[in-house]
Amino acid sequence: NAGVTQTPKFQVLKTGQSMTLQCAQDMNHNSMYWYRQDPGMGLRLIYYSASEGTTDKGEVPNGYNVSRLNKREFSLRLESAAPSQTSVYFCASSEGLSGANVLTFGAGSRLTVL
Amino acid sequence: GEDVEQSLFLSVREGDSSVINCTYTDSSSTYLYWYKQEPGAGLQLLTYIFSNMDMKQDQRLTVLLNKKDKHLSLRIADTQTGDSAIYFCAELYNFNKFYFGSGTKLNVKP
């Protein structure tokens with residue numbers, strides 16, 4: 001009963017390097033999300049995917065790309081990392097249907113860009 | 001539906017009640033949520049309330065919703081040291097967009 005699994009848990013990058021954060025859910029959820037968490041700013045939505053085959057920008061999409069590989073997996077890519085992207089990243093999923101639509105979160109990925 | 005505001009800190013003594021407040025701006029939000037985040041972990045759902053309800057009680061947790069004032073509160077009765085965490089309120093907008101507040105860090109003193 002894994003829920004939402006994110007990898008890696010920790011990563012240190014140099015400015016300009018690229019990397020991909022991986023996320024997978026095993027709850028057959030339709031919608032998946034990427035958030036970043038910064039001190040005093042709560043969670044801000046980067047991108048989301050309402051259903052397989054669709055992706056949409058959130059509040060802070062600049063500098064990121066996403067891929068909804070299949071219903072289970074939603075990856076977040078940083079093409080050229082910047083120090084402003086130092087943050088904790090959370091992947092989440094929800095059923096994406098009408099109703100309460102509860103979000104289930106992964107444990108987070110802490111990224112430091114030097 | 002993007003402005004969700006919370007105070008940043010709350011400190012209470014063990015055994016007291018804690019009240020965490022939240023204001024939101026989007027009157028079309030259908031559901032409002034409270035999530036808890038413990039250090040180094042992801043967010044876990046505590047409870048949620050449908051927008052046409054005024055109150056919801058779940059064991060030690062009571063959620064109050066004042067839709068007219070767009071105010072949501074979470075009361076934790078008999079607060080324990082294990083309740084120390086960051087609490088986020090969130091609103092659901094348009095079925096699948098969630099907006100979160102900045103979080104309230106609850107410190108429970110023994």
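Computed over chain B, the convex hull of the alpha-carbon atoms projects to a mean area of 6.4 nm². For region A:51-78, the residues whose amide N sits under 11 Å from a probe point set 7 Å from the Cα of A:Ser18 along the beta carbon direction are A:65, A:77-78. A convex hull fitted around the alpha carbon atoms of the protein assembly as shown yields 118 Å³ per residue. Mean sequence separation of contacting Cα pairs (under 8 Å, at least six apart), scaled by the length of chain A, corresponds to a relative contact order of 35 percent.
Size check on chain A: the Cα extents along the three principal axes, sorted descending, read 41, 29, 27 Å.
Post the alpha-carbon centroid distance, region B:46-110 to region A:44-94, in whole angstrom. So the separation of the two Cα centres works out to 26 Å. For region A:105-110, putting each phi into the Karplus relation 6.51 cos²θ - 1.76 cosθ + 1.60 with θ = phi - 60° gives couplings of 9, x, 7, x, 10, 8 Hz, in residue order, rounded to whole numbers and with x for Gly and Pro. A simple spin-label model places the labels of A:Phe10 and A:Glu52 3.6 nm from each other, with each point 7 Å out along Cα-to-Cβ. Stokes-Einstein, applied to the Kirkwood radius of region B:26-86 over Cα pairs at a viscosity of 0.890 mPa s and 25 °C, places its translational diffusion at 195 µm² s⁻¹. Per-residue surface analysis assigns B:Ile86 an accessible area of about 50 Å², computed on protein heavy atoms at 1.4 Å probe radius.
Would you work out the relative contact order for chain B, in percent, from Cα pairs under 8 angstrom that are 6 or more residues apart? Intermediate values should be presented prior to the final figure.
Numbers: 285 pairs, mean separation 42.5, N = 110.
Reported as a whole number, the value is 39 percent.
With a 1.4 Å probe rolled over the protein heavy atoms of all chains, the accessible area of A:Phe105, B:Phe95 falls in the order B:Phe95, A:Phe105, largest first. Using a Gaussian network model of chain A in which every pair of alpha carbons under 10 angstrom is joined by a spring, one finds that among A:Gly58, A:Gly96, A:Gly40 the greatest mean-square fluctuation is at A:Gly40. For A:Lys57, the lysines whose Cα falls under 23 Å of its own Cα, not counting residues fewer than eight places away in the same chain, are A:Lys71, B:Lys97. Site pair B:Thr25 and B:Leu61 shows an inter-label distance of 2.7 nm when each label is modelled 7 Å from Cα along Cα→Cβ. Grab the other residues whose beta carbon is less than 13 angstrom from that of A:Phe90, score K and R as +1, D and E as -1, and report the net. Local charge sum for A:Phe90: +3.
The values are calculated or read from the model by the stated rules, or taken from the named source; none is laboratory data. These numbers come from a predicted model, not from an experiment. Counting neighbours? That spans all protein chains shown, and the Cβs are built from the backbone with ideal geometry, glycine included. What goes into the accessible areas is simple: the full protein's heavy atoms, side chains included, and nothing from ligands, DNA or RNA. Shrake-Rupley method; radii C 1.70, N 1.55, O 1.52, S 1.80 Å.
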